[in-house]
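Following: one structure in structure tokens, then a few remarks.
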Amino acid sequence: MSDAAKDLARDGAIVILGGGTAGWIAACLFAQRWPNARVTLVESPEIGIVGVGEGSTPQLKGFFDRLGIVEAEWMPACDATYKLGIGFAGWSDRRGFERYFHPFPTALDSHTAGSFFYNTRARRTGRGVAAHPDQFLLPARLAAAGCAPQPEESFPFEVSYGYHFDAYKVGAFLGRHAVTKLGVTHLQRRVESVERRADGGIAALLCDDGERIAGDLFLDSSGFRSLLFEGTLSVPFVRYGDSLFNDSAVVMPTPRDPAAPLASQTRATALSAGWVWNIPLTSRTGNGYVYSSRHVSRDQAEAELRAHLKVGDEGTARHLSMRVGRVAESWSHNALAVGLAQGFLEPLEATALHIVIATVEAFLDAVDADGFTEKARIPFNARIAARYDGVRDYIVAHYRLNQRHADPHDYWAAARAVEPSDTLKHVMSAWFTGADLTATIDQLDITRYYNAISWHCLLAGYGTFPDAARLVPPGPDIERIDMVRIEDFLRRCAHNFRPHTDHLPR
């Protein structure tokens, strides 16, 4: 650890502006890694949590595990449920591919993923073989049956999973943990201005009551305001609006029938100008329509969501605006951006908290290794920017490759006309020319964002193959994948999992 890092970790003052889930995750990670540092989180009592997404990737489980917080402690307090992945419906009108499941990885993938990859390549080159991802991967079967991710004790294979949760309650839970277990100071203040240092960095937050909160390192978790990064340090914002149209959301929870089975998947259903999330919590169901304001109005979007949910005029809808993109640098001077102050990618793949965790941990690693130096800052910023761009490319692929050709609305046609990044062009070229997609993803070095299974699920799940009428039976040059054997393997594996509600901590 460098001398500067040692000083900060020993008795430095770390000030976090803004709470919410992102701010409190950052507070916990800093306080745990540098327990002797003085971590203070400052938030306005008048600003709530945006709460656009209420789902996670498996990285959130790793975060709670590192903090030593067991599921029985936090899940009941946050209305949380398990998440095996995301079920997509209506993104394709190709027969047999109207829906598909995007799973998190499992220890069993090695038994069937090779056959999946082989058959998708055979079908891409015009052979009439089975190639729907749900036929090859266990989590799709478990999610369809509403199973929890925990197997019987006698079944020694793990299934990765994320969570669904009430975002406000998770933020509050982590705040209590940070204060009572990790010694973080929590201040409710209204920050009026920011004092700069001579070198351009941040010296202190100045509150409306005259209080001055000085620090050595500042974290900007102030939401879309980006008070420190864009407002004070003038860090440019890189917009993704040319490739990701959705800039608005209308949110409306609905009651959950306690007698009904509890789903273990997020559902993403395509509508006329975007998609609707359906997130099962123990207390309610979270619903939200993410849409493009260029294609439907606020009132039209709400009406469409209400029709989709079949709720008529019942309940109150909440409308949100979203700015899609990222700051050019996540580390500037003596400040780090996290959460919405750092960037926003629509919640299609529930990556928001994943990026928060990855950003803070990468920052801590960089500073521990090389201190507050250009040697640490430049590669860190490049790495985080590449992560945002990598996730963006995967989300853009959902729209660019949609198969809603029968849809009369221009939104989906416009999405298919988006100019992809060079990276996405390489992925698409490999797929449509029948090349080895796994090798291409490895060569592009993008598996750290989404692996080969994820890319195959997306492209195969939409049915982006030659028209069925043009497919020919596989000849002697094609290995015959035994689908009966794979079906039997998945069926027998699934017998080791039980309904979601049977495993929820209480």
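The values are calculated or read from the model by the stated rules, or taken from the named source; none is laboratory data. Since the model is a prediction, treat every value here as computed from it, not as a measurement. In this analysis, Cβ positions are derived from the backbone assuming ideal geometry, glycine residues included, and neighbour counts consider all displayed protein chains. Keep in mind that these areas ignore ligands, DNA and RNA; they rest on the heavy atoms of the full protein, side chains included. Shrake-Rupley method; radii C 1.70, N 1.55, O 1.52, S 1.80 Å.
Some notes on this structure:
- Centre-to-centre, using Cα atoms only, the range 117-157 and the range 55-115 are separated by 14 Å.
- Residue among 317, 210, 258 farthest towards the positive dipole end of the range 176-322, charges placed on Cβ: 258
- Here the range 341-483 exposes an accessible surface that is 53 percent carbon and sulfur, computed with a 1.4 Å probe and the other protein chains kept in place.
- When the charge dipole of the range 229-284 is built from unit charges on Cβ atoms (+1 for Lys and Arg, -1 for Asp and Glu) and taken about the Cα centre, the candidate among 245, 274, 231 whose Cα reaches farthest toward its positive end is 274.
- In order along the range 86-94, the Karplus-derived 3J(HN,Hα) couplings, from 6.51 cos²θ - 1.76 cosθ + 1.60 at θ = phi - 60°, round to 10, x, 9, 9, x, 7, 9, 10, 6 Hz, and Gly and Pro are given as x.
- Between helix 298-309 and the chain: long-axis angle, C-alpha atoms, 0 to 90°, nearest 10: 50 degrees
- Area accessible to solvent at residue 222, 1.4 Å probe radius, in Å²: 10 Å²
- Value of [θ]222 nm, deg cm²/dmol, for the chain, DSSP H segments ≥ 4, -39500 (n - 2.57) each, nearest 500: -11000 deg cm²/dmol
- Bridge orientation summary for the chain: considering DSSP beta bridges with both residues in this region, about 70 percent are antiparallel.
- Equivalent-ellipsoid semi-axes for the range 189-233 (Cα gyration tensor, √(5λ), whole Å, largest first): 15, 14, 9.
- Apolar share of the accessible surface for the range 165-227: 47 percent from carbon plus sulfur atoms, 1.4 Å probe.
- Exposure of residue 393 as accessible area (Å², to 10), given a probe of 1.4 Å and all protein chains: 10 Å²
- Of all lysines in the structure, those lying under 18 Å Cα to Cα from residue 181, and not within fewer than 8 positions of it along the same chain, are 169.
- FRET E, pair residue 374, residue 238, Förster distance 25 Å, beta-carbon r, rounded to 0.05: 0.75
- Helix 452-461 and the longest principal axis of the Cα set of the chain meet at an angle near 50°.
- Within a straight-line Cα-Cα reach of under 15 Å, residue 375 can be paired with the following aspartates and glutamates, leaving aside sequence neighbours fewer than 8 residues apart in one chain: 3, 329, 365.
- Projected onto its three principal axes, the C-alpha set of the range 254-327 covers 40, 34, 19 Å, listed from the longest axis down.
- Using a probe of 1.4 Å, the accessible surface attributed to residue 425 totals some 90 Å² when neighbouring protein chains are kept in position.
- The residues neighbouring residue 229, those whose beta-carbon lies less than 9 Å from its own, together hold a net charge of -3 under the Lys/Arg +1, Asp/Glu -1 convention.
- Low-density loop positions, chymotrypsin sites (Phe, Trp or Tyr not before Pro), the range 389-491 - DSSP coil, at most 14 other Cβ in 10 Å: none
- Using only side-chain charges placed at the Cβ, +1 for Lys and Arg and -1 for Asp and Glu, the dipole size of the chain relative to its Cα centre rounds to 740 debye.
- Nearest-ten-degree value, helix 352-370 long axis tilted from longest Cα axis of the chain: 60 degrees
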